[in-house]
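Undergrad: Sending over a structure as structure tokens; questions will come in a sec.
Nothing in this text is a laboratory measurement; each read-out follows from the coordinates by a stated rule. No experiment lies behind these values; they were computed from the predicted model shown. All Cβ positions, even for glycine, are placed from backbone atoms using ideal geometry, and neighbour counts span all protein chains on display.
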Amino acid sequence: MSDRVPMILTVNGEEIAATPRPRDTLADFLRQDLQLTGTHTGCEMGVCGACLVLAEDVPVHACLMFAVQAEGTRIETVEGLSERGAIADLQAAFHERNALQCGFCTPGMLVTAHGLLAKGGMPSREEIRDALSGNYCRCTGYEAIVDAVEAVARQRAAIKEEAARETAA
Amino acid sequence: MKARSFSYARPKTMAEAFAVYEAAGEACYIAGGQSLVPTLALRLQAPEVLIDIAHISELLGIRLEDGWLRLGALTRHAETLTDPLIAKHAPLLTAAAPHVAHPAIRNKGTLGGSVALADPAAEFPAMMLALGAEIEIANAAGTRRVPADDYFIDLYQTALEPGELLTACWIPALRPGQRWAFDELARRRGDYAMVGCGLLADMAGDKVEAIRIAFLAVGATPLRAHAAEAALAGRTLDAAAILAAQAALDADLDPPADESMPASARRHLARVLLGRLLGTLQATP
């Protein structure tokens with residue numbers, strides 16, 4: 001009973017063979033077995049959003065799934081997103097706008113913001129707030145976080161428009 | 001806290017899942033796990049075997065069949081927000097979907113899981129009542145369909161017997177002349193609702209021919225408001241009819257008092273919500 005389960009999954013672009021215990025959550029597996037400690041464990045019951053990662057490109061709680069459930073799944077953590085430069089603009093905007101203080105919630109905030117902006121389009125502040133509704137921050141009061149996400153949405157829209165103009169010209 | 005140790009099985013077919021369940025001492029099915037994983041972490045449940053049903057292809061898929069929309073148990077909440085077949089044939093479900101938890105939970109949680117758990121404060125179980133859905137249940141011997149009206153029995157208690165799987169939800173496809181509305185009152189977006197309501201009406205102009213009204217977060221199970229429905233049937237949907245339905249609602253609801261609010265407050269919110277929703281059904285308000 002409860003023997004370790006051999007499995008293969010992809011984490012931040014790299015295929016990994018692992019043998020987690022069935023009871024290990026994906027969050028614990030990433031942090032303890034893979035030393036990817038950017039995924040934070042806060043409430044460990046799907047409320048605070050500090051453990052969000054991308055599974056097949058959509059944000060999910062790493063505390064609300066067991067690692068064994070991720071067999072064959074493509075997982076990306078905040079480390080993967082930042083190393084490939086996918087969220088460099090978000091990180092810069094969070095810095096500029098003081099959208100973090102202690103930083104505990106920030107990985108989850110970035111994953112949510114990335115998930116929202118990856119859908120394309122220009123979300124309203126209301127839509128940004130709704131997307132962030134599952135992410136707790138106890139320092140900032142959220143306003144600066146919404147500002148930062150909104151600023152990046154604008155930047156990305158402007159860059160896209162510029163590119164479209166150049167293609168047309 | 002962390003979950004107690006368990007062993008893990010990942011069947012590819014329902015038959016295999018039933019066999020694993022049969023052989024196990026105490027087993028639990030997991031699909032999206034968005035309610036089950038915290039329950040295990042808090043050790044409110046401690047199965048010996050966790051049976052992951054997320055890879056059983058028989059439980060996947062959304063299709064129209066003989067005037068019914070069949071939603072496979074593994075339909076994710078996020079799909080109910082965006083799927084065009086659901087939007088066309090069961091728009092009440094689409095209307096309720098943005099109120100289900102938070103975006104990340106909706107990416108993983110499943111319709112079948114929500115209806116199998118039957119949380120009285122959850123949106124989709126109550127919508128099964130409002131929609132007149134039928135719940136498809138399977139065991140090793142075969143499959144049956146249970147009307148939503150007979151499915152919810154008591155707190156977290158349904159027509160599902162131990163070891164059985166909820167395989168699909170069947171929803172009668174929207175008919176011409178039907179109107180629908182959903183809303184809920186919650187302290188914050190994504191929080192559990194203080195009260196929620198969905199309704200589906202057969203209308204001829206402004207006359208209500210028949211209506212189904214279902215409430216969430218007002219008792220041990222999702223609840224049909226039969227008295228309010230009867231107060232509206234056959235009437236023109238005007239201010240007097242709405243007041244009559246609101247008055248009748250008192251006979252339908254007997255919410256328990258809890259630490260968050262007294263029963264009278266919940267009754268009041270239910271009346272207010274019903275009035276608002278009926279108002280949106282009027283063709284010419």
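Undergrad: Which angle between 0 and 90 degrees, to the nearest 10, do you get for helix B:263-281 versus the longest principal axis of chain B when only C-alpha atoms count?
TA: Helix B:263-281 and the main axis of chain B meet at about 70 degrees.
Undergrad: Something else about it: Among A:64-71, A:132-139, A:117-124, how do they line up by average Cβ neighbours within 10 Å per residue, starting with the highest?
TA: Going by the mean number of other Cβ atoms within 10 Å, highest first, we get A:64-71, A:132-139, A:117-124.
Undergrad: Mind checking which of B:Leu85, B:Gln246, B:Ile56 is farthest towards the positive end of chain B's charge dipole, using Cβ charges of +1 (Lys, Arg) and -1 (Asp, Glu) about the Cα centre?
TA: Of B:Leu85, B:Gln246, B:Ile56, it is B:Leu85.
Undergrad: Per the Cauchy relation, a quarter of the hull surface: what is the mean projected area of the convex hull of the alpha carbons in the protein assembly as shown, in nm²? Intermediate results must be reported in sequence, preceding the final value.
TA: Values: hull surface 97.3 nm².
That works out to 24.3 nm².
Undergrad: Mind checking B:95-108 for the average number of partner chain beta-carbons within 10 Å of each residue's beta-carbon?
TA: 6
Undergrad: So what are the ³J(HN,Hα) numbers for the stretch B:113-128, from phi and the Karplus equation (6.51, -1.76, 1.60; θ = phi - 60°), rounded to whole Hz, Gly and Pro as x?
TA: Going residue by residue, I get x, 5, 6, 5, 5, 6, 4, x, 9, 8, 6, 5, x, 4, 5, 4 Hz, with x marking Gly and Pro.
Undergrad: Pick out, from A:Leu132, A:Leu34, A:Ala158, the residue whose Cα sits farthest towards the positive end of the charge dipole of the protein assembly as shown, with +1 on the Cβ of Lys and Arg and -1 on the Cβ of Asp and Glu.
TA: Working it through, the farthest residue towards the positive pole turns out to be A:Ala158.
Undergrad: Here is a further query. I'd like to know which of B:Val37, B:Val20, B:Ala9 lies farthest towards the positive end of the charge dipole of the stretch B:1-90, counting +1 on Cβ of Lys and Arg and -1 on Cβ of Asp and Glu.
TA: Farthest towards the positive pole: B:Val37.
Undergrad: So what's the angle, to the nearest 10 degrees on a 0 to 90 scale, between helix B:14-23 and the longest Cα principal axis of chain B?
TA: 60 degrees
Undergrad: Which value, in debye to the nearest 20, gives the size of the charge dipole of chain B about its Cα centre, when Lys and Arg are +1 and Asp and Glu are -1 at the Cβ?
TA: Here chain B has a charge dipole of around 800 debye.
Undergrad: Another one. Run a plain Debye calculation on the stretch A:1-154 (Cα atoms as equal point scatterers, no solvent) and give log10 I(q)/I(0) at q = 0.08, 0.14, 0.18, 0.20 Å⁻¹, rounded to two decimals, same order as the q list.
TA: -0.22, -0.65, -1.01, -1.20
Undergrad: Hey, got the average number of other protein chain Cβ atoms within 10 angstrom for residues in A:18-28?
TA: Values: counts 0, 0, 1, 5, 9, 10, 2, 5, 1, 0, 1.
Taking all residues of A:18-28 together, the mean is 3.
Undergrad: Quote the charge dipole size of the stretch B:58-172 about the Cα centre in Debye, to the nearest 20; the model charges only the Cβ of Lys and Arg (+1) and of Asp and Glu (-1).
TA: Value, rounded to 20: 400 debye.
Undergrad: Helix check for chain A. Which DSSP H runs span at least 15 Å along their own axis by Cα, with a mean Kyte-Doolittle hydropathy no less than 1.0?
TA: What comes out of the filter, once short or polar helices are dropped, is A:106-118.
Undergrad: What is the helix-to-structure angle for B:239-252, meaning the angle in degrees between its Cα long axis and the longest Cα principal axis of chain B, kept from 0 to 90 and rounded to the nearest 10?
TA: The two axes meet at around 40 degrees.
Undergrad: Taking H as built 1.01 Å from N, whose amide H comes closer than 5 Å to the amide H of B:Val195, not counting residues under 5 places away?
TA: B:Leu185
Undergrad: Can I ask one more? Show which lysines lie in cross-link reach of B:Lys12 when reach means a straight Cα distance below 29 angstrom and same-chain residues fewer than eight apart are skipped.
TA: Hits, sequence-local ones excluded: B:Lys2, B:Lys108.
Undergrad: Where does the charge balance sit around B:Met1 when Lys and Arg score +1, Asp and Glu -1, over other residues with C-beta under 9 Å from its C-beta?
TA: Neighbourhood net charge equals +1.
Undergrad: Still on this structure: With a cut-off of 8 Å between alpha carbons and a minimum separation of six or more residues, what is the relative contact order of chain A in percent?
TA: So the answer I get is 21 percent.
Undergrad: If you don't mind, another one. For peptide B:25-37, what's the mean number of Cβ atoms from other chains within 10 Å of each residue's Cβ?
TA: Per residue, the average neighbour count from other chains is 3.
Undergrad: In the protein assembly as shown, what % of DSSP beta bridges are antiparallel (nearest 5)?
TA: Antiparallel bridges make up about 85 percent of those DSSP assigns within the protein assembly as shown.
Undergrad: List the residues, sorted by chain then number, that are 5 or more residues from A:Ile16 or on another chain and whose placed amide H is less than 5 Å from its amide H.
TA: A:Leu9, A:Thr10, A:Val11
Undergrad: Using the Karplus curve 6.51 cos²θ - 1.76 cosθ + 1.60 with θ = phi - 60°, work out ³J(HN,Hα) for each residue of the stretch B:55-72 in order, rounded to whole Hz, and write x for Gly and Pro.
TA: Residue by residue, the stretch B:55-72 yields 10, 8, 5, 4, 8, 9, x, 10, 8, 9, 8, 6, x, 10, 9, 9, 9, x Hz.
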